[in-house]
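Read-outs throughout are calculated quantities, based only on the coordinates presented, and are distinct from any laboratory measurement. Being a predicted model, the structure only gives us computed values, none of them experimental. With ideal geometry, Cβ positions are generated from the backbone for all residues, glycine too; neighbour counts draw on all protein chains shown.
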Amino acid sequence: MHGNHAENQRLLKAIDNQLDGDLQTKVMVFPPFTYLSQIADLLSNSSSILEGKNEGKGKSKIDLGAQTLSEHKSGAFTGEISAAMLVDLGCSHVLVGHSERRSLYNESSQLVANKFAAALEAGLTPILCIGETLSERDAGRTMDIVFRQIDAVLDTAGIAGLSKGIIAYEPVWAIGTGKTASPEQAQEVHSEIRSHLDELDQELANNMQILYGGSVNATNASELFAMVDIDGGLIGGAALKADDFFKICVAAG
């Protein structure tokens with residue numbers, strides 16, 4: 001939970017200005033629900049980011065996503081947001097199964113799979129977040145955990161469904177802790193994930209984008225993104241600083 005209207009505009013202005021040019025990195029932002037409409041309006045005409053001046057810049061290169069969604073299409077689910085509502089607000093992507101949703105709100109792998117399917121049905125691209133806790137890593141269960149989290153989606157949405165999404169490996173022990181998996185540790189898990197997918201469908205494995213999330217910052221991004229199976233990042237706190245975020249975007253390109 002970060003931001004307010006004024007801070008959002010300042011941050012987005014700074015990011016959008018730096019991204020203007022030849023940078024080919026695909027960039028998305030995932031604000032809280034309360035600010036989706038504001039960010040959608042700013043991104044739809046990025047000249048409005050520049051303090052309302054009409055500079056003819058047009059639509060921003062930045063895509064809009066949400067942090068989670070309901071597995072239900074509609075109904076009496078007070079406080080929930082449906083996939084159709086996110087589409088209506090201009091979202092193209094949505095996170096499902098973020099480690100904080102799994103740990104703080106007890107979202108099971110099956111619930112996450114249902115949310116993944118709901119996103120697909122509405123035309124959103126779901127980003128499936130997977131990862132192990134420190135105790136699970138210490139017990140040698142990392143791959144068992146991440147495979148089960150992936151397989152829950154495969155059982156619900158099938159290979160065709162999973163192929164329309166993105167996977168983000170985020171070790172829980174590295175989320176907001178300042179600890180980061182070494183490039184080699186991250187690559188090992190990413191490689192195992194791709195091999196797991198390859199056993200099911202080679203095309204799925206070859207085309208799947210696998211992002212790394214877990215205290216990625218301007219200092220470590222280049223080393224992480226240099227790994228062959230790391231296709232980009234799911235950025236947390238570093239995304240709240242425009243200069244740092246831009247450096248990460250450059251490293252991903």
Task: Potential extension, Asn106-Ser37 segment - 0.36 nm per residue separation minus Cα distance - done: 22.1 nm
TODO: Might you report the magnitude of the Cβ-based charge dipole of the chain about its Cα centre, with Lys and Arg at +1 and Asp and Glu at -1, to the nearest 20 debye?
DONE: 700 debye
Task: Nonlocal amide H pairs with His98, under 5 Å, H built at 1.01 Å - done: Cys129
Task: Set Lys26/Lys164; Lys73/Lys164; Lys115/Lys241; Lys26/Lys241 screened for pairs whose C-alpha atoms are more than 23 Å apart - done: Lys115/Lys241
- [ ] Fewest Cβ neighbours within 10 Å first, please rank Glu132, Glu184, Glu7, Glu223 accordingly.
- [x] Glu184, Glu7, Glu223, Glu132
Open item on the list: For the pair Gln24/Glu121, report the inter-label distance in nm, with labels modelled 7 Å from Cα in the Cβ direction.
Closed with: 3.8 nm
Open item on the list: With loop defined by DSSP as not H, G, I, E or B, and exposure as at most 13 other Cβ atoms within 10 Å, which is the longest segment of the chain clear of exposed chymotrypsin sites (Phe, Trp or Tyr not before Pro)?
Closed with: 106-253
TODO: List the residues whose amide H sits under 5 Å from the amide H of Ala66, counting only those 5 or more places along or on another chain, with H placed 1.01 Å from N in the peptide plane.
DONE: His93, Val94, Leu95
- [ ] Based on the mean of other Cβ atoms within 10 Å per residue, sort peptides 117-126, 200-209, 156-165 so the most packed one is first.
- [x] 117-126, 156-165, 200-209
TODO: Would you kindly state how much longer the chain becomes between Ser163 and Arg148 on full extension, computed as 0.36 nm times their sequence separation minus their alpha carbon distance, in nm to one decimal?
DONE: 3.7 nm
TODO: Just flag the trypsin sites (Lys or Arg not before Pro) in region 81-135 sitting in loop per DSSP whose Cβ has no more than 14 other Cβ atoms within 10 Å.
DONE: none
Open item on the list: With 10 angstrom as the radius, rank Asp138, Asp229 by how many other C-beta atoms surround their C-beta, starting from the fewest.
Closed with: Asp138, Asp229
